[in-house]
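Here's the structure we're looking at; comments come further down.
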Amino acid sequence: MKEKIAIKKVSRDTFHPKSKFYITTPIYYVNDVPHIGHAYTTIVADVLARWHRLSGEDVFFLTGTDDHGKKVATAAKEAGKTPQAFADSVVKRYHEAWKKLDISNDDFIRTTEKRHERVVIEIIRLMNKAGDIYKGEYEGWYCVPDETFLTETQLVKGKCPECGRDVEKVKEESYFFRLSKYQKPLLELYRKNPDFISPKNRRQEIINRVQTGLKDLSITRETVKWGIPFPGDNKHVLWVWIDALSNYLSAIEYPEPKYKKLWPADIHLMAKEILWFHAVIWPAILMSCRLPLPKKVFAHGWLTIEGEKMSKSKGNVVDPLKLTEKYSVDSVRYFLVREIPLGDDGDFSEKALISRINGELVSDLGNLASRVLTLAERCKSYQGNDELSRNLDFKKIENHVENMELHHAINSIFDFIHSVNKYINEKEPWKLEGKQLEQVVYNLLESLRVIGILISPFMPSTAEKLNRQLGVKAGSFKDLKFGKFSGKPRKGEHLFKRVA
Ligand code: MSP
């Protein structure tokens with residue numbers, strides 16, 4: 001207890017000079033199929049992963065599923081299946097959804113995999129070696145939907161303070177983690193690394209809670225059977241959260257070379273309801289194991305549907321697969337990232353989606369591509385200059401991404417798109433001939449090529465479509481310099497369809 005734990009300032013370049021980028025989503029419970037809330041986090045992570053790949057970084061983008069725990073076991077029982085068979089069937093739906101949504105994850109971890117279990121056991125061994133695990137008795141409450149232990153004083157009118165649902169009384173033998181020992185080191189971590197918990201408004205909430213004191217944490221369940229057996233005492237299974245958080249290490253093969261290359265994670269992305277687990281419990285586990293800490297945990301807000309909380313009983317749960325049968329994948333990706341400032345709660349409404357499709361996507365971007373490619377049909381060759389490059393402020397866009405302001409990043413890309421539309425209107429190329437026409441068309445094609453690169457993390461298949469019509473290869477950020485256009489344009493179908 002008296003032992004002093006040294007906390008180093010976590011610098012962006014602690015181990016790797018800006019060359020790698022490891023980003024994670026939460027691993028989702030397989031008690032049910034994915035909905036638009038899961039899709040939102042995963043799309044945002046995908047945009048960031050794709051962006052960093054274009055910067056030339058070595059990206060590792062991880063997602064997966066949380067297969068264990070009482071919540072999944074209960075859902076399996078209700079479905080008349082074994083937990084494993086049930087998990088297997090739901091996981092398929094996750095794979096299907098992420099494929100459809102063009103999610104470019106590098107791996108997909110499941111907590112029922114052997115490679116995961118092996119690392120979890122190692123983590124418990126390290127925590128035990130640090131003297132941080134002891135046996136006791138847990139008496140209190142448990143919220144199954146949130147898989148969370150709660151004290152009497154945390155309950156609100158006898159219900160879970162987080163989800164408002166019923167809780168169950170638990171009194172059982174349990175192993176505990178000395179979380180209390182890490183109160184000071186955690187506060188020191190937050191103080192020395194002001195961006196560790198982002199966004200800022202959530203940071204203070206966590207600090208306030210940690211300052212009131214941390215109780216040791218029950219980390220095993222005796223009455224739950226669906227989980228990883230606790231090493232050395234198989235009548236207990238590991239509490240699902242300790243199991244789940246370990247995925248960030250198991251997927252990168254701790255302690256093998258892959259781990260050495262990728263750890264610490266650059267961003268753990270999630271929604272606000274599970275920030276506590278990522279900003280408090282996870283770093284405490286890592287401190288106990290004497291392992292480096294992630295650089296950032298970022299909690300975004302909650303998505304409501306047409307202004308209402310999403311729930312099965314309300315019948316308003318949005319299935320991302322059904323949505324993409326009606327609207328293009330890229331328009332859904334674009335909408336979610338453009339509509340909601342990352343970190344804020346936001347609303348999904350079809351009306352707002354349609355308005356952005358018809359406005360920004362069809363009119364501003366799609367029509368621009370269509371106009372330019374029509375004009376290009378009138379030219380045999382082109383020669384231009386880089387006069388439009390001055391309308392592009394890439395640094396500004398990059399800063400927005402760095403600051404997790406993805407909606408602003410899109411806005412700045414659209415500022416450039418608007419400026420190119422303005423250029424056409426001013427130059428009136430339909431009135432031009434010969435060299436003058438060739439110059440304007442060249443500048444426009446070159447701008448479209450650059451736009452194709454910039455939109456590709458947000459709308460990968462639209463970028464591909466555009467590149468195909470321009471007759472250019474997919475570029476990266478090193479190709480943003482103007483004056484490189486050497487494609488063979490051929491007009492194809494409009495990039496987006498207007499929605500009636
Ligand atoms: N299994 C845990 C996470 C373990 S991570 C080590 C879990 N799973 S979950 O299936 O409940 O997923 C929660 C996450 O799904 C949220 O943190 C968020 O990323 C996403 N979302 C679920 N519903 C959402 C909304 N309504 N709005 C925004 N994000 C949503 O918790």
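The values are calculated or read from the model by the stated rules, or taken from the named source; none is laboratory data. These numbers come from a predicted model, not from an experiment. Every residue, glycine as well, gets a Cβ built from its backbone with ideal geometry; the counts of neighbours run over all protein chains shown. We work out accessible area using only protein heavy atoms, side chains counted, and drop any ligands, DNA or RNA first. Shrake-Rupley method; radii C 1.70, N 1.55, O 1.52, S 1.80 Å.
Data table
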| item | result |
| --- | --- |
| Condition met for VAL33 (in contact (Cβ under 8 Å) with a residue 40 or more places away in the chain, assigned to a loop (DSSP other than H, G, I, E, B) and hydrophobic (A, V, I, L, M, F, W, C)) | yes |
| Hits in region 293-315 (condition: modelled with pLDDT of 95 or more and part of a loop (DSSP other than H, G, I, E, B)) | LEU293, PRO294, LYS295, LYS296, GLY301, TRP302 |
| Check on TYR134, in a strand (DSSP E or B) and either more than 16 Å from THR223 (Cα to Cα) or out of contact with any Ser or Thr (no Cβ under 9 Å at 6 or more places or on another chain) (or both) | yes |
| Counted residues, region 61-94 - those being touching a residue at least 24 places away in the same chain (Cβ under 8 Å) and more than 16 Å from the ligand (Cβ to nearest atom) | 1 |
| Filter result for LYS215 (part of a strand (DSSP E or B), open to solvent by 30 Å² or more (accessible area, probe 1.4 Å), more than 16 Å from the ligand (Cβ to nearest atom) and within 30 Å of THR74 (Cα to Cα)) | no |
| In region 259-292, residue farthest from the chain's Cα centre (by Cα) [restricted to those that are part of a helix (DSSP H, G or I), within 11 Å of the ligand (Cβ to nearest atom) and farther than 19 Å from LYS184 by Cβ] | PHE277 |
| Qualifying residue in region 188-196 (condition: within 27 Å of the chain's Cα centre (by Cα), open to solvent by less than 40 Å² (accessible area, probe 1.4 Å) and within 16 Å of the ligand (Cβ to nearest atom)) | no |
| Check on SER476, among the polar types (S, T, N, Q), touching a residue at least 24 places away in the same chain (Cβ under 8 Å) and either open to solvent by 20 Å² or more (accessible area, probe 1.4 Å) or not assigned by TED's automatic domain parsing to the domain that holds LEU368 (or both) | yes |
| Among residues of region 349-361, those that are farther than 19 Å from VAL44 by Cβ and open to solvent by 10 Å² or more (accessible area, probe 1.4 Å), counted | 6 |
| Qualifying residues in region 246-258 (those that are in contact with a helix residue (DSSP H, G or I) (Cβ under 9 Å, 6 or more places away or on another chain) and assigned to a loop (DSSP other than H, G, I, E, B)) - the one nearest to the ligand (Cβ to nearest atom) | SER246 |
| Candidate set: region 149-179, residues that are touching a residue at least 40 places away in the same chain (Cβ under 8 Å) and among the polar types (S, T, N, Q); chosen: the one least open to solvent (accessible area, probe 1.4 Å) | SER174 |
| Of all residues in region 293-348 being of a type in the set (Asp, Glu) and open to solvent by 30 Å² or more (accessible area, probe 1.4 Å), the one that is farthest from the ligand (Cβ to nearest atom) | GLU325 |
| Residue list for region 428-464, restricted to those being open to solvent by 10 Å² or more (accessible area, probe 1.4 Å), among the small types (Gly, Ala, Ser) and outside any loop (DSSP other than H, G, I, E, B) | GLY434, SER461 |
| Test: SER355 is over 19 Å from PHE496 (Cβ atoms), at pLDDT 95 or above, within 26 Å of the chain's Cα centre (by Cα) and hydroxyl-bearing (Ser, Thr, Tyr) | no |
| Residues that are of a type in the set (Gly, Ala, Ser) and either within 24 Å of LYS71 (Cβ to Cβ) or near the ligand (Cβ under 9 Å from one of its atoms) (or both), drawn from region 24-57 | GLY37, ALA39, ALA45 |
| Search result, residues across region 480-500 that are free of Cβ contacts under 8 Å to residues at least 60 places away in the same chain and either aliphatic (A, V, I, L, M) or open to solvent by less than 30 Å² (accessible area, probe 1.4 Å) (or both) | GLY487, ALA500 |
| Flag for ILE206 being over 27 Å from THR82 (Cβ atoms) and either crowded, with 21+ Cβ neighbours inside 10 Å or within 16 Å of the ligand (Cβ to nearest atom) (or both) | yes |
| Residue within region 235-245 that is away from the ligand (no atom under 16 Å from the Cβ), open to solvent by 10 Å² or more (accessible area, probe 1.4 Å), at pLDDT 95 or above and over 27 Å from the mean Cα position of the chain (by Cα) present | yes |
